[in-house]
Amino acid sequence: MLVGMHSIIYSKNPEADRAFLRDVLGLPSADAGEGWLIFGLPPSEVAVHPAEENDHHELYLMCKDVRTFVAAMAEAGVACGEVMNRGWGLLTQMTLPGGGKLGVYQPRHARPKPMKLESRARARKRAAPKKTSRARRARKARRG
């Protein structure tokens, strides 16, 4: 049923932030038309936290080693905040060229296995009405 997740980063300088995602983070992209790049991401996960209000969502990138990530960003001239130990992970924020901040963390919590995508052929087969065998139909007819 699901095939992925689409996140949106709003920016005052989208061209600079797109270039950063492409050139500094090395994310693959596809042009959705007129220069609107959509970037590929590694497997993702989603969590639901309690809140006083709905419609508040957060986006974090995850890495294997946050200190190595911060060092690589420093070499690229990208500012990152202090690394904080939150128990569930080591968290920092990087400042995007457009001025926005994006969280990056090294998870220390259990991680789910990535969702396996079902092939189209298998999905069609699963959705198709079940065919009964000729022998099964004959037995049913004799009983009823």
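Coordinate-derived values only; no laboratory data. Please read these numbers as outputs of a predicted model, since none were measured by experiment. All Cβ positions, even for glycine, are placed from backbone atoms using ideal geometry, and neighbour counts span all protein chains on display.
Take the conditions (1) of a type outside the set (Gly, Ala, Ser); (2) part of a loop (DSSP other than H, G, I, E, B); (3) under 13 Å from Val104 (Cβ atoms); Val3 misses just one of them, which is (3). Considering only residues in the range 14-34 that are in a loop (DSSP other than H, G, I, E, B) and of a type in the set (Gly, Ala, Ser), the one that is surrounded by the most Cβ atoms within 10 Å (Cβ to Cβ) turns out to be Ala32. Just one of the numbered conditions (1) closer than 21 Å to Met5 by Cα; (2) in contact with an Asp or Glu (Cβ under 9 Å, 6 or more places away or on another chain); (3) in contact (Cβ under 8 Å) with a residue 40 or more places away in the chain is not true of Leu37: (3). Condition check for Ser11 on (1) under 24 Å from Pro112 (Cβ atoms); (2) in contact with an Asp or Glu (Cβ under 6 Å, 6 or more places away or on another chain): one failure, at (1). Of all residues in the range 84-98, those that are over 18 Å from Lys12 (Cα atoms) and free of Cβ contacts under 8 Å to residues at least 60 places away in the same chain have Cβ atoms under 8 Å from Cβ atoms of residues that are crowded, with 19+ Cβ neighbours inside 10 Å and of a type in the set (Ser, Thr, Tyr), 6 or more apart or on another chain, in Met84/Thr92; Arg86/Tyr105; Gly89/Tyr105; Leu90/Tyr105; Leu91/Tyr105; Thr92/Tyr105.
Picking from residues in the range 62-71 that are closer than 15 Å to Leu25 by Cα and within 22 Å of the chain's Cα centre (by Cα), the one that is surrounded by the fewest Cβ atoms within 10 Å (Cβ to Cβ) is Lys64. Note on the range 72-100: residues that are out of contact with any helix residue (DSSP H, G or I) (no Cβ under 7 Å at 6 or more places or on another chain) and loosely packed, with under 14 Cβ neighbours inside 10 Å amount to 11.
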